[in-house]
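For reference, the structure discussed in these notes is given below.
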């Protein structure tokens with residue numbers, strides 16, 4: 001009995017050591033709730049109790065710093081975590097991630113390679129090294145690491161990055177092959193199916209494109225990128241009402257997408273509701289003021305409304321963002337023609353043809369312009385170039401050429417003594433040909449749709465439509481729509 005008090009006294013003298021990880025659960029709870037203020041208070045308390053030795057508190061603090069945009073401070077905290085626990089590969093991965101965000105890609109690669117020694121089968125490390133090499137423009141090494149990441153895990157992001165590199169290299173067939181393989185392992189990925197459908201569309205394989213996009217919408221009916229691509233194909237067939245109904249679904253998902261409002265505007269344009277079209281296009285340009293295609297479309301609509309000064313202003317803005325796009329100069333020439341500035345209109349036509357001498361629309365418009373200016377020899381030369389380019393297009397079995405081109409050419413040819421019909425010999429017939437020339441001028445002011453096939457992919461994935469229109473009053477060509485593709489460029493998270 002006498003020993004019991006001594007045992008109790010000895011137990012009371014045992015010191016209470018603070019637990020380094022005792023409140024990690026509470027830290028995690030605050031962090032996932034995004035209650036960063038409470039999280040920081042608890043971190044400060046933990047660091048005081050543990051003399052700065054709590055690894056998880058430092059780790060969470062670094063994550064908060066990164067979300068607040070303080071990348072350098074987050075890097076220093078992750079480095080402290082790595083010093084406390086060098087065997088934890090997650091700390092090294094976060095250090096490399098911070099270096100990547102700071103633009104120090106070579107240093108990030110070195111840290112990722114160091115983490116590979118601890119975890120050689122981590123596909124995420126391989127994928128991130130590939131992204132670093134991609135930013136360093138070393139595409140071959142990037143593809144090698146993406147391929148290794150795919151071999152370790154059939155994750156869709158690695159497939160998408162490989163496809164993106166092939167698209168940058170203009171190797172569409174290889175990109176389609178990669179995405180088709182990715183669809184086998186990720187059959188319910190709307191992102192993969194949408195991009196695959198867009199690439200099929202670029203190669204004019206419309207049946208396969210429609211199937212891929214249909215599958216994407218089957219798995220995700222509100223995937224707005226797939227909706228835009230499908231609606232683009234619907235707009236090609238001038239079914240604008242159906243396209244507008246589908247755009248309503250996309251508007252609920254992405255109400256601030258400039259390309260969505262651009263497409264809606266071109267639907268109204270196809271329905272000849274020009275005021276509604278301008279309203280939608282101006283909303284689109286408010287959301288993306290530096291997108292030249294929207295400005296191009298605004299120029300088209302104003303030309304259709306015979307507001308030539310406004311059309312020239314928008315086209316001039318578009319050419320500042322895309323100075324090497326020939327179709328913009330062609331439309332500027334049309335606007336300048338109606339503004340009675342023949343000198344600058346001729347220069348615009350010449351510059352457009354210097355950028356793309358095989359543009360049949362520009363060739364024919366220029367021929368009509370020169371004829372109206374009294375230069376029959378120059379008009380005949382441009383008409384011959386038009387027929388040469390038009391025949392080569394027909395041999396390629398393309399079906400997106402406006403049939404009115406051949407009609408206008410057949411009317412203008414006899415006037416310029418080109419073709420099977422001989423030159424008129426009396427004044428009465430001459431006057432009939434002059435009236436035909438007026439009709440040709442009326443219908444020939446049409447612009448070729450913009451083609452994005454040679455451009456790099458941008459940040460958002462979608463399709464934008466550009467319409468062909470006759471610019472001298474109402475005409476049958478006003479209701480024809482063609483397309484300009486704006487597809488996804490960046491598959492990186």
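A short reminder: the numbers here are calculations on the coordinates, not readings from a lab. As the structure is a prediction and not an experimental result, all values here were calculated from the model. When we count neighbours, we look across all protein chains shown, and the Cβ atoms used for this are built from the backbone with ideal geometry, even at glycine.
With viscosity 0.692 mPa s and temperature 37 °C, the Kirkwood radius over alpha carbon pairs of the range 298-402 converts through Stokes-Einstein to a diffusion coefficient of 233 µm²/s. Highest mean first, the peptides 244-254, 228-238, 145-155 sorted by other C-beta atoms within 10 Å per residue fall in the order 228-238, 145-155, 244-254. The value given for the range 154-220 is a Kirkwood hydrodynamic radius of 11.5 Å, derived from the mean inverse Cα-Cα separation.
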